[in-house]
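The values are calculated or read from the model by the stated rules, or taken from the named source; none is laboratory data. Values in this document were obtained by computation on a predicted structure and should not be read as measured data. Cβ placement follows ideal geometry from the backbone for every residue including glycine, while neighbour counts extend to all protein chains displayed. Just so you know, the surface numbers come from the protein's heavy atoms only, side chains and all, with ligands and any DNA or RNA stripped out. Shrake-Rupley method; radii C 1.70, N 1.55, O 1.52, S 1.80 Å.
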Amino acid sequence: MISFLDGSLGHLDWMASLVSAPSVVHTIDRKGLRGKAGADYVVIGSGIGGLSCGGLLARYGEDVVVLESHTLAGGAAHSFQIGGYRFDSGPSLFSGLSSKGPQANPLAQVLDALGERVECAKYDSWMVHLPQGSFLSEIGPSHFPQVLSICTSLLVSVYQVLEKYGGSNAVAEWKRLQETVLGLSEAAMALPPAALRGDWGALFTVLGRYSPQLISSFMRMGFKGALNAPRLLGPFSEILDALEIKDPFLRNWLDLLPFLLSGLKADGTLAAEVVYMFSEWYKPGCMLEYPHGGTEAIIDALVRGLEKHNGQLSLGCHVEQILVENGRAKGVKLRNGQVVVARKAVISNASIWNTVALLPPKEVPQEYQKRATETPQCDSFMHLHLGVEAKDLPADLGIHHIVVDSWEQGVDAPQNVVLISMPSALSPNLAPPGKHVLHAYTPGTEPYHLWKGLDRQSAAYKQLKEERSQVMWKAVQRALGTGFSADSCDVKLVGTPLTHERFLRRHRGTYGPAIRAGKDTFPGPETPIKNLFCCGDSVFPGIGVPAVAASGMLTANSLVSVDKHTQLLDAIGL
């Protein structure tokens with residue numbers, strides 16, 4: 001349910017002149033508007049949220065054009081090629097892409113509605129390297145994870161792990177949490193994401209259609225579960241506190257997983273998000289998935305779905321301004337001066353800060369400016385893309401590694417956690433024969449202020465890149481072992497917060513809004529400007545691939561009649 005790179009990773013600083021991207025999507029020339037001067041709905045940005053929204057609106061029979069500034073579709077989830085290596089720039093860990101039915105992953109429901117699918121490799125584990133040791137984290141109903149001890153190199157059970165690294169009560173606390181989470185999952189997963197909408201019509205598509213399932217789920221939870229249900233709307237830490245989960249090792253681990261999901265620890269992540277993730281990872285038969293061909297396979301499928309239903313994707317179309325007249329969004333102006341009229345609405349898949357910046361200053365309502373100014377931001381990323389020699393590496397390295405330097409600093413401390421993805425372990429066509437693609441990154445913890453105002457061509461910038469990238473090189477060495485040598489890498493590229501800011505136009509290179517559960521909530525798709533709507537990670541339900549896909553659904557559903565929405569739910573068996 002989560003993605004380790006559910007954020008805003010852009011091209012590397014010198015990459016623009018080197019990139020080529022062989023892909024199903026890009027074999028068709030989609031540059032420019034190809035004679036289209038307007039549409040019912042104009043969507044700004046071809047990230048997963050924008051493509052989900054645009055594709056569903058096209059599926060509903062609306063005239064849609066998606067405008068993308070880049071020459072590649074996908075936003076933070078696009079892929080790029082250098083020297084025969086195909087790199088993901090964003091999301092890398094997925095589950096539920098092949099799921100079906102009411103409890104399916106939101107992105108899977110979007111693909112189902114568009115009549116598309118993504119072929120995936122399946123696996124069930126990743127490596128975690130902690131101060132105490134290294135272990136193989138496995139999903140499934142019987143795993144915490146299982147742990148691979150550095151000292152003995154033997155696979156040992158979950159309870160041995162907790163007994164070794166945790167305190168005397170760790171096992172009992174884990175059992176208590178697992179029982180509660182499984183009970184709460186009945187409520188967290190009772191409502192299909194595809195049923196959501198942001199207007200009064202939700203009374204019909206949610207309560208009218210699914211109230212029996214919701215009532216039944218609460219009844220199955222029992223009295224104790226029902227008492228805990230309201231905590232789903234607060235931070236996950238409240239559930240941990242109520243269950244008296246106190247073991248330091250367990251609490252650290254239960255800070256790490258929400259952090260990878262939302263950019264915030266357990267005290268800031270919505271409990272429903274974590275419960276949903278746990279439910280998906282620890283149910284029988286659950287597997288993690290990686291798309292054959294990389295994340296561009298997901299983008300290809302979304303673009304196919306958009307175009308199958310007569311929607312249009314236009315690449316290289318940089319939106320300079322959202323046009324507003326008498327308090328109403330009327331269309332957009334492109335950098336080349338062309339105006340694209342929106343007959344019904346403009347939908348921005350940009351962040352709240354970038355959306356406000358696209359509006360004429362005099363047309364920004366004070367309340368909207370205040371919301372943007374006061375919305376806290378997650379930090380940015382450092383990241384490292386490598387083309388790696390495979391022959392000297394262990395054959396069973398797997399696709400993912402998490403490296404945590406210190407629990408005392410907190411998992412959200414700068415330079416403390418490094419995530420590593422090596423997707424060619426499952427999809428060999430991403431690299432030349434005998435090679436691997438590797439992406440290491442610090443997940444939304446790199447302070448922007450260190451980089452603000454630096455000239456990207458300056459010696460100071462290059463020196464800072466060298467210094468701040470060392471933590472990733474060390475993590476890669478730890479994960480890959482002594483057989484890894486930086487000297488043998490065909491490709492070595494470092495990205496910074498300025499990379500994100502420049503290529504993805506993310507305000508201050510941010511991962512997204514740091515909206516803390518229990519303190520504030522993500523807004524819905526509507527804005528104070530008539531006919532201007534939003535989707536993406538600044539809109540409910542927030543950061544992450546499943547979340548932004550759900551936001552695209554929510555926005556699209558809100559813009560069509562309840563009758564059309566209901567017909568779609570019927571068509572996909574929900």
(request) Quick one: net charge around Ser79, please, counting Lys, Arg +1 and Asp, Glu -1 for every other residue with C-beta under 9 Å from its C-beta. (result) -1
(request) With a Förster radius of 22 Å, plug the Cβ-Cβ distance of Ala172 and Ala242 into 1/(1 + (r/R0)^6) and report the FRET value to the nearest 0.05. (result) 0.90
(request) Would you tell me the accessible area of Ser488, worked out with a 1.4 angstrom probe on the heavy atoms of the protein chains, in Å² to the nearest 10? (result) 50 Å²
(request) Pull up all non-local amide H partners of Thr445: gap of 5 or more, or a different chain, and H-to-H distance under 5 Å with H placed in the peptide plane. (result) Ser380, Met382
(message) Run the simple label-point estimate for Val341 and Arg456 please: 7 Å along Cα→C-beta, distance reported in nm.
(response) 3.7 nm
(request) Considering only DSSP beta bridges where both residues belong to the chain, give the percentage that are antiparallel (nearest 5). (result) 70 percent
(message) At 0.36 nm per residue, and after removing the present C-alpha to C-alpha distance, how many nm does the segment from Lys100 to Glu374 gain when stretched out fully?
(response) 94.8 nm
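Is any helix in the chain, taking whole DSSP H runs, at least 18 angstrom long along its axis by alpha carbon and on average at least -1.0 on the Kyte-Doolittle scale, and which ones? Walk me through the numbers on the way to the answer.
Values: long enough: 170-188 (26 Å, 0.09); 209-228 (26 Å, -0.14); 248-262 (21 Å, 0.80); 459-480 (31 Å, -0.73); 545-558 (20 Å, 0.96).
Those that clear 18 Å and a mean of -1.0 are 170-188, 209-228, 248-262, 459-480, 545-558.
If the chain between Glu179 and Ala413 were fully stretched, how many nm would it gain, using 0.36 nm times the residue separation less the Cα-Cα distance?
Full extension from Glu179 to Ala413 adds 81.1 nm.
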(request) Set the Förster distance to 51 Å, then compute FRET efficiency between Glu466 and Lys122 from the Cβ-Cβ distance, nearest 0.05. (result) 0.85
(message) Below 22 Å, Cα to Cα, which lysines can Lys246 reach? Residues fewer than 8 away in the same chain don't count.
(response) Lys164, Lys175, Lys224, Lys265
(message) Give the lysines reachable from Lys462 as a straight Cα distance under 24 Å; neighbours fewer than 8 places away on the same chain don't count.
(response) Lys452, Lys474, Lys492
(request) Along Cα→Cβ, 7 Å out, is where each label goes; now give me the distance between the ones at His318 and Val206 in nm to one decimal. (result) 4.0 nm
(request) Determine the gain in length on full extension of the stretch Lys333-Gln477; use 0.36 nm per residue of separation and subtract their C-alpha separation, reporting nm with one decimal. (result) 47.1 nm
(request) Compare Lys462, Lys474 by solvent-accessible area with a 1.4 Å probe and give them largest first, with all protein chains kept in place. (result) Lys474, Lys462
(request) Between beta-carbons, use under 13 Å as the cut-off and find the net charge around Leu111, counting Lys and Arg +1, Asp and Glu -1. (result) 0
(request) Would you list which lysines come within 26 Å of Lys530, measuring only between C-alpha atoms, while excluding same-chain residues fewer than 8 positions from it? (result) Lys36, Lys330, Lys333, Lys344, Lys362, Lys370, Lys564
(request) Taking the Cβ of Val418 as the centre, find all other residues whose Cβ is under 14 Å away and add up their charges (Lys, Arg: +1; Asp, Glu: -1). (result) 0
(request) Round to the nearest 10 and report in Å² the accessible area of Cys489, as given by a 1.4 Å probe over the protein chains' heavy atoms. (result) 10 Å²
